Each structure stands twice: as C-alpha cells, then as structure tokens.
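Here is the structure we will look at, set down as structure tokens.
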Amino acid sequence: MSKLIIDTHHHYQNVPHYEDLLAEEYARLGISKVALISRGGEDGLAQMVAAMRKYPDFILGLAMLDWQNHTPDDIVRFKGEGFAGVKFIRPPAPYHDKAFWPIYEKCQEMKLPGLFHLGIVGRGGSTKSGFMSSATRESMQNAYFVDSNYMRPVYLDTLARLFPEWIIQGAHLGNPWYEEAAMCCRWNPNLYFDLSGSSLKAKRPQFFGDLLWWNRFTRYRDPDGRDAWEKIVFGTDVAHFEAADMLHDYDVVIRTLGLSEELRWKILGGTAAMMYGLDAG
C-alpha cells in the first residue's frame with residue numbers, strides 16, 4: 001500500500017512566502033498534499049491563488065468564507081480560481097441556519113468540500129481592559145463576532161442530511177462536544193472529522209477508541225458498514241514547524257489502538273484523497 005499523507009486542515013500563516021516554508025518541511029516529513037486555508041479577505045484569497053499556482057501538485061486551496069459578503073456566486077468564483085474547498089468559521093448564526101443554505105447548496109453543486117470549525121474558537125493575547133463600549137459591542141456584529149455555541153457538531157448532522165452529496169469535514173472531532181460529533185459521524189456517510197488541534201494532547205488514545213467504537217462487524221454501525229476510523233482524517237491546524245509533532249500524535253493513536261495498516265492508510269491520506277477526488281494510488 002503506497003505511502004500517502006494529506007494534511008486536511010492547515011492555515012496559511014502570517015509569514016512572507018509561507019507556502020515555501022510549508023513545502024520544504026512537508027517534503028521532509030513525507031506529507032504529499034495539504035488543504036491550505038486562505039487568510040481572510042480578498043487579499044488572502046489572492047495570496048492563496050498565487051500559492052496554488054506555485055505548488056499545484058501540493059496545495060489544495062480552501063477559500064475562507066466571508067459570511068457577510070460572499071454569495072453563491074462567489075462559490076462559483078472559487079471553483080473557477082482553482083480552490084478545492086471552502087472553510088467555515090465564526091458564523092453569525094448556527095451553521096444550519098436557513099440563510100446559509102444557498103451557499104451550501106452551491107458548494108455541493110460545485111463539488112467543493114466544506115471544512116467547518118467546531119467547538120470553542122481560540123483567542124489571541126489577553127485583553128486587559130474590562131470595559132467594552134456599546135459601540136464596540138455593536139461593531140462585533142461583523143466577521144469577528146464569535147458565539148462558539150453556533151459551531152456545535154450537531155448542526156453538521158442537519159447539513160449532511162440536507163446536502164447528501166456534499167463532502168463535509170468537522171474540525172477537532174467537535175472539541176469539547178466529542179460524543180455529539182461521534183454520533184453525527186456514525187450516521188452520516190458524507191460527514192468526516194479530523195483530530196487536529198489540542199485534543200490529542202488533552203486526551204489519551206483510548207478516549208478516541210471508546211468514542212469511535214463501531215466497525216464493519218459490530219451489530220450497531222454506520223449505514224454503509226464502514227469502520228469508524230474510515231471517517232477520521234489527518235489534520236494539523238498548527239504551523240509548519242509543529243506538524244511533525246501532530247503526525248507523531250496520530251501515529252501514537254493508531255499504534256495504541258492497534259488499527260490495521262489499511263486504516264492507517266485511510267486516516268493519513270486515503271480517505272482525504274477520496275474526499276477531494278484525487279488519485280490515491
């Protein structure tokens with residue numbers, strides 16, 4: 001079985017020519033491709049288009065959706081510009097809100113997988129001031145407004161049912177709503193999850209083994225009879241210099257749980273290749 005590793009969750013860092021640093025490090029690690037998420041705004045999208053053209057066999061570009069300004073026409077534009085998928089985070093309403101359905105429907109039509117942040121959104125440095133003016137609060141009703149409760153895994157259950165031909169990936173196995181994510185994973189053939197971020201540091205491998213317990217031989221399983229781990233993909237969500245550590249964490253989980261070589265191959269790249277319509281040979 002060929003060695004295929006695809007990082008399905010990586011953000012373009014605020015570093016000049018980050019794609020060059022990433023390509024060099026991933027070549028060293030043996031990571032074949034990366035789903036690289038653009039920075040926000042039109043400048044970020046243009047930056048990603050340039051990076052995709054520079055490394056067409058390495059970068060799968062994901063367009064960062066602007067909830068306030070992007071329309072279904074922009075989804076068509078993303079496809080035309082060569083993007084492989086769309087990233088969703090910080091929605092102004094729960095992910096399954098009907099106002100967003102036209103965007104999702106167009107993603108399904110354009111065959112652009114959707115990567116959804118799930119759980120609590122990280123923050124930068126501390127804010128010392130305890131005072132927020134009414135004007136500041138009002139200004140938060142824009143792309144930077146965050147209500148983490150809008151990003152629960154169960155909303156992806158709704159979307160996976162409404163748009164059954166759309167490939168959907170939930171980030172971080174829903175951290176901290178792991179059980180919710182696991183059951184959504186089990187019942188929806190088109191819904192996949194990564195274990196990126198801090199979860200593999202905070203939880204032991206058996207925690208994930210207990211959550212993702214079903215396989216093709218169990219009485220209770222997913223509708224297609226697949227092993228739970230066929231729905232889990234490799235993702236880092238860290239900078240290039242920390243990716244080796246994340247790859248090691250995935251390896252520890254795979255070895256500790258005694259997963260087969262076939263499942264290792266699918267987790268690290270085979271399933272992602274299917275999601276993005278790539279040759280997995």
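The values are calculated or read from the model by the stated rules, or taken from the named source; none is laboratory data. What you see is a predicted model, and the numbers here were worked out from it, not measured in a lab. With ideal geometry, Cβ positions are generated from the backbone for all residues, glycine too; neighbour counts draw on all protein chains shown.
Looking only at helices (runs of 4 or more DSSP H) that fall completely inside segment 163-281, which ones have 3 or more residues that are out of contact with any strand residue (DSSP E or B) (no Cβ under 8 Å at 6 or more places or on another chain) and under 24 Å from L60 (Cα atoms)? Write out each step before concluding.
Working: elements: 178-187, 199-202, 205-211, 243-256, 261-265, 271-275.
Hits in segment 163-281: 243-256, 261-265.
The condition (being at pLDDT 95 or above, among the aliphatic types (A, V, I, L, M), out of contact with any strand residue (DSSP E or B) (no Cβ under 8 Å at 6 or more places or on another chain) and part of a loop (DSSP other than H, G, I, E, B)) is satisfied by just one residue among A93, A99, A143: A93. When the residues of segment 257-270 are filtered to those that are farther than 9 Å from I6 by Cβ and in contact (Cβ under 8 Å) with a residue 24 or more places away in the chain, the one that is surrounded by the fewest Cβ atoms within 10 Å (Cβ to Cβ) is E261.
When F217 is tested against the conditions (1) within 19 Å of L118 (Cα to Cα); (2) exposed (fewer than 14 other Cβ atoms within 10 Å of the Cβ); (3) of a type in the set (A, V, I, L, M, F, W, C), the lone failure is (1).
Filter segment 188-203 down to the residues that are at negative phi and touching a residue at least 40 places away in the same chain (Cβ under 8 Å), then identify the one that is surrounded by the most Cβ atoms within 10 Å (Cβ to Cβ). Show your work before the answer.
So the first thing to find is which residues in segment 188-203 are at negative phi, and the list is 188-196, 198-203.
Those still in the list that are touching a residue at least 40 places away in the same chain (Cβ under 8 Å) too: 191-196, 200-201.
Values: L191: 24, Y192: 24, F193: 28, D194: 26, L195: 26, S196: 24, L200: 21, K201: 9.
So the residue we want is F193.
This table checks each residue for (1) in contact (Cβ under 8 Å) with a residue 24 or more places away in the chain; (2) over 16 Å from the mean Cα position of the chain (by Cα).
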residue: H10; (1), (2): yes, no
residue: P16; (1), (2): no, yes
residue: L22; (1), (2): yes, yes
residue: S38; (1), (2): yes, no
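The one condition from (1) within 22 Å of L36 (Cβ to Cβ); (2) free of Cβ contacts under 8 Å to residues at least 60 places away in the same chain; (3) of a type in the set (A, V, I, L, M, F, W, C) that I167 does not meet is (2). Within segment 83-99, the set of residues being hydrophobic (A, V, I, L, M, F, W, C) and free of Cβ contacts under 8 Å to residues at least 12 places away in the same chain comprises just one member, A99. In segment 19-35, the residue that is farthest from M52 (Cα to Cα) out of those that are assigned to a helix (DSSP H, G or I) and touching a strand residue (DSSP E or B) at 6+ places or on another chain (Cβ under 9 Å) is Y26. Can V76 be described as touching a helix residue (DSSP H, G or I) at 6+ places or on another chain (Cβ under 7 Å), surrounded by fewer than 19 Cβ atoms within 10 Å (Cβ to Cβ) and under 18 Å from M52 (Cα atoms)? So V76 fits the description; yes. Here the condition is being over 18 Å from A244 (Cβ atoms), touching an Asp or Glu at 6+ places or on another chain (Cβ under 7 Å) and of a type in the set (V, I, T); of V34, V49, it holds for V49 alone.
Confirm whether V49 is surrounded by 15 or more Cβ atoms within 10 Å (Cβ to Cβ) and part of a helix (DSSP H, G or I). I'd like the intermediate steps shown before the answer.
Details: surrounded by 15 or more Cβ atoms within 10 Å (Cβ to Cβ): yes; part of a helix (DSSP H, G or I): yes.
Yes: the conditions hold for V49.
If you go through segment 87-112 and pick out every residue that is farther than 17 Å from A63 by Cα and surrounded by fewer than 18 Cβ atoms within 10 Å (Cβ to Cβ), you end up with 7. Among the residues of segment 52-70, those identified as without any contact (Cβ under 8 Å) to a residue 60 or more places away in the chain and outside any helix (DSSP H, G or I) are Y55, P56, D57, F58, I59, G61, L62, A63, M64, L65, N69, H70.
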